[in-house]
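To start, the structure itself, in structure tokens.
Derivation of every value follows stated rules applied to the coordinates shown; laboratory data play no part. Since the structure is predicted, the reported quantities are computational estimates derived from the model, not experimental observations. Note: ideal-geometry Cβ built from the backbone for every residue, glycine included; neighbour counts use all protein chains shown.
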Amino acid sequence: MSYDWLAPSRAQFSRLSAQLPHALLVTGEPGMGKHILAMEMVASLLCDETQLNQGFRQACGRCKNCIMFESGNHPDFHYVSSERHVDSGKSDESAHLEYAERYLEAFEKRGKRKPRKVISVDQIRALIDNFSLSNHSASYKVALIEPAEAMNISASNALLKLLEEPSPDSILMLVCNDTSRLPMTVRSRCIALSIDAPTITQVMSWLKSQGVNESNARKALAICGGSPLIALAYSHSEETVNFETLLVTMAAILNEDAGAIESREILVKLGAPAVLLSWLQMVINWLINAVQCRAYQGEAPWQAYNRAFAKLSRKLKPASLPALFQLYDDLLLMKKQDVDVVNPAMLLDKWLIAFAQRLG
Ligand SMILES: [Zn+2]
């Protein structure tokens, strides 16, 4: 089995297997492999001939149920997701889109409207109907709801029926990025299974096994704060290059009078507004850490090993801290506004001018 850092969570699932709860809540930071773990558990529950591997009952991949599951045709597996989640094409989930489509409006019928972000009450009602039928082929009926926080209030309320009166031999799995957005009534009825962040050494060696060289792995990890799957995606994309350019341009802006318009333009064009916003937030956060560590003679954060970041952070002194906090708060405020509606380039530009004036 790959994804070694999932081993403790797999072991936890095995311990639960003796008396399997009706509902599991899989949590962890984005990019930690929640979907992969959930699918491994689903496969394990459907398989007729599981094999013990490092304490985990792994699906055999050969029996009738395994073959049906992999081909996207297993009648006892239900995958409820949002249009937005499915359309965003999170790479590792593509093999299971056939399942998600059963619970979504047919693509041809959607017309030109935007993909919906929510999991609706109708989807949950359809799931309840299907769960009331007897099993077709496997010992369990399994439903995966992902991302669970996409359920709106009516959907969550409808799900309570399944959580409170579970049908026999059925297991619900909720995959959630942000449990604070899940109603307590739902959370409290699930057994939590969380994925712990892997160590940097674990991620580095995993990225290496995926064919990423050390230098790219370090750059990608600096962006992703230790999320292995996101780091892998970054290391194969232009985004690491763009992120380096962002760091270099931020340093250049601090050297110029109020940040020359050319530099600001370069930066604003580096990515989608939402991406830029989270990158800037991350960089300011790192800068705060770096300046604080220097002020208290602590150990530099590991981002400091990224040369472009080191160059940027050297420009700042302990006296810059209040300005950094203010800039961070301004980013939070911007994030709350709907960047799709307001002019995002203008907002970012205004922020960059403030960045240059307060820190330059
Ligand atoms: Zn099998």
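Points to keep in mind about this one:
- The chain - percent relative contact order, Cα under 8 Å, separation 6 or more: 17
- Note on the range 238-359: Kirkwood radius taken over Cα pairs, Stokes-Einstein applied at 10 °C and 1.306 mPa s, translational D equal to 109 µm² s⁻¹.
- Helix content alone sets the calculated 222 nm mean residue ellipticity of the chain: runs of n ≥ 4 DSSP H residues at -39500 (n - 2.57) each, divided across all residues, give -15500 deg cm²/dmol.
- Across the range 152-287, C-alpha contacts under 8 Å between residues 6 or more apart give a mean separation that, scaled by the residue count, equals a relative contact order of 13 percent.
- Magnitude of the charge dipole for the range 4-194, about its Cα centre and with charges confined to Cβ atoms of Lys, Arg (+1) and Asp, Glu (-1), is about 440 debye.
- Rg(Cα)/(2.2 N^0.38 Å) for the range 81-193, N = residue count: 1.06
- Stokes-Einstein diffusion of the chain at 20 °C, 1.002 mPa s viscosity, Kirkwood radius from Cα pairs, rounded to a whole number: 94 µm²/s.
- Among 156-165, 238-247, the order from most to least packed when residues are scored by Cβ within 10 Å on average: 238-247, 156-165
- Rounded to 5, percent antiparallel among DSSP beta bridges of the range 48-157: 40
- Each label was represented as a point 7 Å from its Cα along the Cα-to-Cβ direction; for Q357 and D129 these points are 5.9 nm apart.
- Simple spin-label estimate for A192 and S14 in nanometres, 7 Å along Cα-Cβ: 2.4
- Ranked by how many other beta carbons lie within 10 Å on average, peptides 194-207, 172-185 from highest: 172-185, 194-207
- Proximal lysines to K335, defined as alpha-carbon separation beneath 21 angstrom and excluding residues fewer than eight positions away on the same chain: K114, K117, K269, K350
- Within the straight-line cut-off of under 20 Å between alpha carbons, the lysines reachable from K208 are K219, sequence neighbours fewer than 8 places apart in one chain being disregarded.
- Net lengthening on full extension, R62/Q326 (0.36 nm per residue, minus Cα-Cα): 89.3 nm
- Rounded to 5, percent antiparallel among DSSP beta bridges of the chain: 15
- On full extension, the segment bounded by I36 and T185 gains 51.0 nm, given 0.36 nm per residue less the C-alpha separation.
- Protection proxy ranking, highest mean first, for peptides 8-18, 111-121: 8-18, 111-121, where packing is the per-residue count of other beta-carbon atoms within 10 Å, averaged.
- Long-range amide H partners of H78 with built H, under 5 Å: V142, A143, L144
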